[in-house]
Structures are given as structure tokens and as C-alpha cells.
Amino acid sequence: MAKEYRFYAIREANADVEATSAVINPLLDAAKITTIEVNGKPLPATSDDVPNALKIAEYSKTVKSGVGDAQMSAMSDNNTLLAAQAKTFETRAVTAETNAATVTRENIALAARVKTLEGSIEKLSAENSELITLRKAANTEAGRVTSESNAVNAEISRQALAFNCLSDLRGADGKLLASTATAAERQTAAELIPVADKLKAIGGAVNAAVQRTGVSLAALPAAGSPAGAGAPAKSEKTGRARFSAAAKIKE
């Protein structure tokens with residue numbers, strides 16, 4: 001039932017008009033209604049010169065029948081879409097949790113392998129340290145043996161030169177030494193000759209010296225053995241003394 005207006009005073013009427021304007025004017029602005037025609041003349045829509053009845057009628061043109069139902073339908077469709085997306089996200093979340101559990105298990109397995117490898121590395125490091133110590137010791141021993149070998153070679157070279165049994169002395173370049181070569185040069189050249197060859201040369205020189213004396217080494221008495229019983233004493237040198245006197249060494 002339409003409200004029946006009964007104006008008992010101008011003040012009450014003005015208050016009712018102002019209250020209606022306060023409601024309709026914001027709606028006109030929201031609906032982008034800027035002008036309303038009054039008696040064939042366009043006026044600002046929110047002007048007090050435009051009757052509220054025209055304002056309401058103009059605004060009602062913007063409200064279509066069933067608009068609310070369409071909005072509800074759109075909201076329902078949106079809710080359905082959102083529900084589907086939520087289901088998809090839920091599935092993805094479950095998959096992500098499964099993947100995370102798999103990764104966690106793999107990390108545990110990898111951590112165990114890393115621990116095993118660390119133990120192996122520690123063992124290898126200890127073994128490597130031991131090998132380094134052994135290698136240092138071997139190098140030291142090799143140095144000592146080499147030094148001794150060099151000393152023996154040098155001594156045999158000096159003896160071979162003293163016996164004058166090295167006739168083919170050559171320098172590091174392979175050339176024969178000159179007759180004016182110094183003792184140091186001859187020593188260096190002698191040390192280049194293999195030890196076995198030098199010992200062979202010394203042995204040959206000794207045998208030649210023995211042959212020159214006419215003494216048989218087999219007949220020489222051993223050192224410290226007593227002379228034969230009843231053998232007459234002789235003042236001349238015999239045995240090894242005689243050999244040493246006969247084998248004169250050239251320096």
C-alpha cells in the first residue's frame with residue numbers, strides 16, 4: 001500500500017524532500033546519471049530543481065529486472081570455479097607432500113652415504129699419510145744408499161787409476177781425455193766407467209803383476225800361519241811382502 005502523504009506543515013514537507021534527496025542523489029552519481037530533463041530542459045541530475053519523483057524514475061530505468069538473480073548466478077558459477085580450483089590446489093598440495101616425503105627419505109639415504117664416504121676418506125687420509133711417511137723414509141734410504149754407492153764408485157775409481165789399468169778415459173761428452181787432463185778430470189772420467197768394468201780391470205792388473213813376480217798365490221801361506229817346521233830362516237822378503245814389493249803402483 002502506497003504511503004499516504006499528509007503535510008501538516010511546510011517544515012515537515014521540506015524535511016521529507018531533503019531526506020529523499022540525500023538518498024537518491026548518491027544513487028544517481030553511482031549510476032552516472034548526470035542530467036535529467038525537466039519540462040524539456042536538461043538540468044543537473046542532483047539539482048534541487050529536479051523533483052525527487054523524476055530522479056527516482058530516472059534511476060529506476062537503470063535497474064533491470066532479474067539483475068539480482070543474474071548476479072547470484074554469476075556468484076554461484078564463481079563459487080563452483082573456485083571450488084574446482086581449490087580441489088586442484090588440494091591435489092597439488094598432496095602431491096607436493098608426497099614429493100617432500102620422498103625427498104626427505106632420499107636426503108636421509110644421502111646423509112648415510114655421505115657419512116660412509118667421510119669414514120672412507122678419513123681412512124684413506126690416514127693410509128695416505130702413512131704412505132707419505134714411508135715414501136720419505138724410502139727416499140732418505142735411497143739417498144743414503146746412493147751416497148754410499150757414489151763413495152764406493154769414487155774409491156774404486158781412485159784405485160783403478162792408481163793401478164793405471166784404465167786406458168780409455170772419456171769425458172761426459174764421450175770424447176777421449178787429453179794427455180794433459182788434470183787428476184780431477186781423470187777421476188770424474190773414471191767414475192763414469194761401470195764399477196764392474198773397473199773391478200775387472202783391477203783384477204787384470206793384479207794378475208799381471210803376480211805373473212811378473214813368478215809367485216803362485218796358492219802357495220802363499222795364510223796370514224798368521226807358522227812357517228814350515230825345520231825351514232831355514234831367510235832374511236829376504238817372501239809371500240805377500242814379496243808380492244807387495246813387486247807390484248809397484250804408479251800414482
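Rundown of residues vs (1) surrounded by 10 or more Cβ atoms within 10 Å (Cβ to Cβ); (2) modelled with pLDDT of 90 or more; (3) touching an Asp or Glu at 6+ places or on another chain (Cβ under 9 Å), yes/no style:
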| residue | (1), (2), (3) |
| --- | --- |
| LYS55 | yes, no, no |
| GLY66 | no, no, no |
| MET72 | yes, no, no |
| ASP77 | yes, no, no |
| GLU90 | yes, no, no |
| LEU124 | yes, no, no |
| GLY143 | yes, yes, no |
| ASN150 | yes, yes, yes |
Practice task
Look through region 152-177, keep the residues that are small (Gly, Ala, Ser) and surrounded by 10 or more Cβ atoms within 10 Å (Cβ to Cβ), and return whichever of them is modelled with the lowest pLDDT.
Solution key: GLY171
Problem - Answer from GLY174, GLY204 - the residue that is out of contact with any strand residue (DSSP E or B) (no Cβ under 6 Å at 6 or more places or on another chain) and at positive phi - result: GLY174
Practice task
Would you check which residues across region 176-202 are within 19 Å of ASN150 (Cβ to Cβ) and small (Gly, Ala, Ser) and list them?
Solution key: ALA183, ALA184, ALA189, ALA190, ALA196
Problem - Extreme residue, nearest to LYS200 (Cα to Cα), among residues of region 132-184 that are touching a Leu at 6+ places or on another chain (Cβ under 8 Å) and charged (D, E, K, R) - result: ASP168
Exercise for the section: List every residue pair whose Cβ atoms lie under 6 Å apart, where the two residues are 6 or more positions apart in sequence or sit on different chains, the first residue falls within region 43-57 and is over 16 Å from ASN14 (Cβ atoms), and the second residue, located anywhere, is among the charged types (D, E, K, R). Expected result: LEU43/ASP49
Exercise for the section: Kindly indicate which of GLU148, GLU155, GLU118 is over 15 Å from VAL195 (Cβ atoms), of a type in the set (D, E, K, R) and in a helix (DSSP H, G or I). Expected result: GLU118
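The values are calculated or read from the model by the stated rules, or taken from the named source; none is laboratory data. Computed from a prediction, not measured in an experiment: that's the story for all the values here. All Cβ positions, even for glycine, are placed from backbone atoms using ideal geometry, and neighbour counts span all protein chains on display.
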